[in-house]
Structure formats: C-alpha cells, structure tokens
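Readers should treat all values here as calculations from the given coordinates under stated rules, not as data from a laboratory. Quick caveat, the model's predicted, so the values are computed rather than measured. Here the Cβ is made from the backbone with ideal geometry for all residues, glycine too, and neighbour counts use every protein chain on show.
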Amino acid sequence: MLKTKFEIEHLNLHYGSFHALKNISMKIPANEITAFIGPSGCGKSTFLKTLNRMNDLEENVTIDGTVRMDEKDIYSEMDAITLRHDVGMVFQQPNPFPKSVYDNVAYGPRIFGIRKKSQLDEIVERSLRQAAIWNELKDRLKKSALGLSGGQQQRLCIARTLAIQPKVILMDEPTSALDPISTSKIEDLAMELKKDYTIIIVTHNMQQAARISDKTAFFLLGEAIEYGKTEDIFARPQDKRTENYITGRFG
Amino acid sequence: MDKRIQRARRADRAMTGIFYGIAAFFFALLLAFTGKVIIGGLMGASPEMFAFARQGAIGNQLFNTVYLVFISLLVSVPLGVFAGIYLAMYAKPGLFTRFLRICIETLSSLPSIVVGLFGYLVFLVFMGMGKSLLAGALSISILTLPLITTTTEDAIKGLPAGYFQAGMGMGSTRWQAIFHVLLPACIPRIMTGVILAAGRGFGEAAALLYTTGSGSSLRWGNWDITSPTSPLNVLRPAETLSIQIWNLQTNAQDAALANLASAVLLLLVLLFNIGANAWSRHINRKNSGEKA
C-alpha cells in the first residue's frame, strides 16, 4: 500500500469572484508520478500551485478547504517558505538565473546558509548527476546558464530544485517549450526520480501523461472530473467528458 | 501600377537620403563641438594650468568635481535603488503609490536652480552647514534620485517573471529573491542610470552656485578630514570645474583657463561614460554566457 503524500479535501479557489477550482478532493500518493491533464484554463496549473502555495504571490486569491502534506495542513500548520523547501517546482519556461551553472545549483543551499565551498561543490555535483546532466556540464560550471540549450536549461532547473532536497517536485508543463529529444530526456529523468521523490506533473500532452504517470487526474472548468490509475483513465474512462477529451473530441 | 511602385521607390530613396543626411549632420555637429572644446581648450593651455594649486590651475577643481559626484552617488544610488525596488516589488497599486509616482516625476523635472535654492535653504540655512562640498553633493543627489529610482524600477520590471518565481519556488524570502537574483540581473541597466546621474553631477553648475561655494585652497598631504584645507574634508567649500568655468567667464579673468576646464570636464564625462559602458557590457556578457 502506497503512502499518501497529499490529501486534499473540498478545496475551492477564487480569483476575485471567479471560481477557479471547485470542490476538489483527492489523495496523491508518494513516490509516484501523478499527471494532471485537461484543456487550457481548466485549473490544472492553478491546482498545482496550491500545493506549494505559489498562489500566495498573486493578489485577490482566496482559498478554502484543506491541503495536507504528510498529515500536516500546509495552509494553517506550515509557513509558505518552509513548505517550498519541501515542495520544489519546475516551470513551463526554463528559467535559470542569469548566473553560472554552478551558482544556479548552489543558489538554494546558499540561501539556506551553506557557505562551505567543499560542501557546495558536493551538492552541485550530486544534483547535476541526479538530473543526468553532469557529464554535459561538468566542464562549464563557471559559464552562464543562459548559454545552454532549452533542454539543458530545463534539466539544470530540475538540478537546481534537487539541490534543496525537496520531498516533492511539481512540474508545470515542463516540456511544452522543448523539442522531442529534450522532452524524452526530461521524461526519463522524471521516471528515474520518482524512486526518491513524489512527482506531480501538469501536461497538455496526453501521450506524455500515458507514458510516464502512474495516476492521472482530468480537469475541466475547475473541477476534477476523474482521477485514477493512468491505464484506467485512458483505457476505461468512466465519465463521458473524460472520454471525449482523451479521444480528441475537444481540447 | 508601375507608376505607383516607381513613386514609392523614389519616396523610399528620398527618405533614406534624408535619414543619412540627418545622421551625418548630427555626427558632424558632435565632432565639431567636442573637437572645438577639447582641442581649443588643450591648445590654449600651459603646463602650470594642470597643477593642483589655489589659483590659475584646474587640478583642485578636477578633484573636487570627482569627489563631489562620488559623494553624491554614495547617497543617491542606495536610496534610488531601494526606492526603485519598493516601487517595482512592494508598492500596492493605489492612491499612495500614484501620489508617490507624481512626486518622483515632479522631482525629475525640477529646474536645477530651484534644487540649488532648496539645498541652500535646507542644508545651509536650516541645518547650518556652511557652503560645502557635502551640501552641493546632497543637492546633486536630489537631482539624480528620480533618475536612479525610475531606472531601477524599469530594470526590475523588465526582467522575465520566471526569475522571481523560480527564486520564490525554491523557498527564498522575498528579499532573498530580490537581492540574490533580481538585483544582480539588472545591474547593467541600473548602471545606465548611474552613468546618467554622474553625467548630470559632473556638469551641474546651477544647483551648486549657492551650495558649494568656490574654495580651491587644498593642502595636499593633509589627510585630517576635519581640517578646512584637507582634500578629503566634505564640509569645506569646494569649487568644481563647472563652477570654475562660470566664475572665470563671469569675472572674465582667464579665458584660456576656462577653456581648458571645459575641455577637461568634457573629457572626464566622456571617459566616465566609456568606462561605465564597458563595465556594464562585461557584466551583461558574463550573465548571458556564450551559446553552447
């Protein structure tokens, strides 16, 4: 029996008067890849961002309901900064800092107060190896990260997140700006990382969800329509709307 | 149909000619102007004019100018950068922020003679400072503060939103994300503001007329900063190059010296701009890296 990482109950989110997430309840297991699919504007990214409270940065957002991680309410029993140490995030556009490769990966450990060079060196190497990009970058650690290709930048961003040793990695359409080869590298990486991390990925690409995820949730107009094992969702959708979406009748 | 295209082509050629003509005119104007001032100024100079002496030379004034601009930037850069950060990252849209923006815009278009008068009233009359380098430097700071504030704000707002999000997403506090990610990323653009501010300071005369006085008697080697003849003392009167030019011209004493002061002032601004530009390009290159 898999351990539950997140337990979400009756979550509602409003942007001003717009009801963006409607009464969502689900349990997300640890050490698996969970995919959120659905058409643009269905709330899947918004839902992802409630899991590390990135929505706090936006104005006019009101949230009710509970989100528990490891049985702790992340909105009432944790502060956002501590939470984000445990729940890292990879964004749609690769967004390395305009610093060297090394300084990008060392950013997280440094803001947590790690100053020792030897310790930082170790973290940087370990994180880049985990993100399967050490061999490509080991000779250019001092070069700017903005000179890398898009796919390398995205894997660097994953390494940067790994450097703070989170428990969960949220990925918000991490491959939508990348070419097919880079995409498959990121997918392989996600499959590899789920041994040690819980991964939640938002994707537009249904094949991607089918290829890599263990569980899939289908969102439509702010509701979680259907949630279950990926093979069930794709082979035997229970809801007519899920079936219409995955067979390409809208989206 | 053919006629229409021919007409369009002719108009295109004519406009191209006009653009080239105007560009050439500006280039020639600039060259003639700087050439006249610099060459004219240096040609009429004698070696003793370069000395650091109380009279008949420009050395002390050159030092005063650089020192005054340095002190003024020391005040206006931190204040302006922090104000810019506040406006870009913290200010909530509303009445107060709008009022603040109007204040900054007004400040940036104040005539410098008015700022000089204000500096005179506040620093000299109210605070009892006496005509001094510090009073002048603070007046220049008032003039340049809006410039640095708006450049910083624009620089931060011009960064990709991903930088801030990535920083926050890793569990930084707001200040950590600003200080370690956003600020380093916009240093080249902030530098542009600092260059403009320094240029303003180098050339400013009106705001200094009431505030810095025209002292030029420095005893080099006197490093006691409380002594009125110490070059480092900020509370002594200090004649800058622009004030010197004004003094020399209005009192019609020494046209050759005034010309030399103008030439050196122009060269100073030019060198500073080139240097600051090179530095900011260097940082830009370091940030953006070479392509893989």
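Structural remarks
- Three-way shape label, chain B, alpha-carbon gyration tensor, a/c 1.5: oblate
- Using Cβ point charges alone (K and R +1, D and E -1), the dipole size of chain A about the Cα centre works out to roughly 740 debye.
- In terms of Cα atoms, the Rg and Dmax of the range B:114-181 work out to 19.0, 52 Å.
- When only the Cβ of Lys, Arg, Asp and Glu is charged (+1, +1, -1, -1), the dipole of the range B:1-43 relative to its Cα centre reaches about 320 debye.
- Mean per-residue shielding of peptide A:98-104 is 4, counting Cβ atoms of other chains within 10 Å of each Cβ.
- Charge dipole (Cα centre; +1 on Lys/Arg Cβ, -1 on Asp/Glu Cβ; no other charges) of the protein assembly as shown amounts to roughly 1140 debye.
- Think of the protein assembly as shown as a dipole: +1 on every Lys or Arg Cβ, -1 on every Asp or Glu Cβ, centred on the Cα centre; then among B:SER139, B:ASN247, B:ALA198, B:ASN247 lies furthest on the positive end.
- Restricting the range A:200-251 to chymotrypsin sites (Phe, Trp or Tyr not before Pro) that sit in a DSSP loop and have at most 14 other Cβ atoms within 10 Å of their own Cβ leaves A:PHE250.
- Counting DSSP beta bridges with both ends in chain A, the antiparallel % (nearest 5): 60 percent
- The range A:4-246, relative contact order in percent, only Cα pairs under 8 angstrom and at least six apart counted: 28 percent
- Of the three principal axes defined by the Cα atoms of the range B:200-292, the extents in descending order read 62, 34, 24 Å.
- Here chain A yields Rg over Rh of 0.97, to two decimals, using C-alpha coordinates and the Kirkwood radius.
- Pairs of Cα atoms nearer than 8 Å and 6+ residues apart set the relative contact order; for chain B it is 26 percent.
- Positive dipole terminus of the range B:1-43, leading residue within B:ILE39, B:PHE19, B:ILE5 (C-beta point charges): B:ILE5
- Packing here is the average count of other Cβ atoms within 10 Å per residue, and on that basis the peptides A:69-80, B:197-208, A:196-207, highest first, run B:197-208, A:196-207, A:69-80.
- Bins of 5 Å, starting at 0 and running to the largest distance - Cα pair percent for the range A:47-145: 2, 11, 18, 19, 16, 13, 12, 7, 3, 0
- Within the range B:225-292, the trypsin sites (Lys or Arg not before Pro) that combine a DSSP coil assignment with at most 10 other C-beta atoms in a 10 angstrom radius are B:LYS291.
- Charge dipole (the protein assembly as shown, unit charges on Cβ, about Cα centre) - positive-most of B:LEU100, B:SER72, A:ALA131: B:SER72
- DSSP bridge pairs, the protein assembly as shown: antiparallel proportion in percent, nearest 5: 60 percent
- For the range B:214-292 versus the range A:178-251, the gap between their alpha-carbon centres in whole angstrom: 65 Å
- Chain A: angle of helix A:117-130 to the longest principal axis, Cα-based, in degrees nearest 10: 50 degrees
- Relative packing of peptides B:106-113, A:170-177 - highest average C-beta neighbours within 10 Å first: A:170-177, B:106-113
- When restricted to Cα atoms, the protein assembly as shown yields an Rg and a Dmax of 31.3, 99 Å, respectively.
- Partners of A:LYS138 within straight-line reach, counting lysines whose Cα lies under 21 Å from its Cα and excluding those fewer than 8 residues away in the same chain: A:LYS99, A:LYS116, A:LYS117, A:LYS185, B:LYS286, B:LYS291.
- The alpha carbon convex hull volume per residue for the range B:242-292 rounds to 56 Å³.
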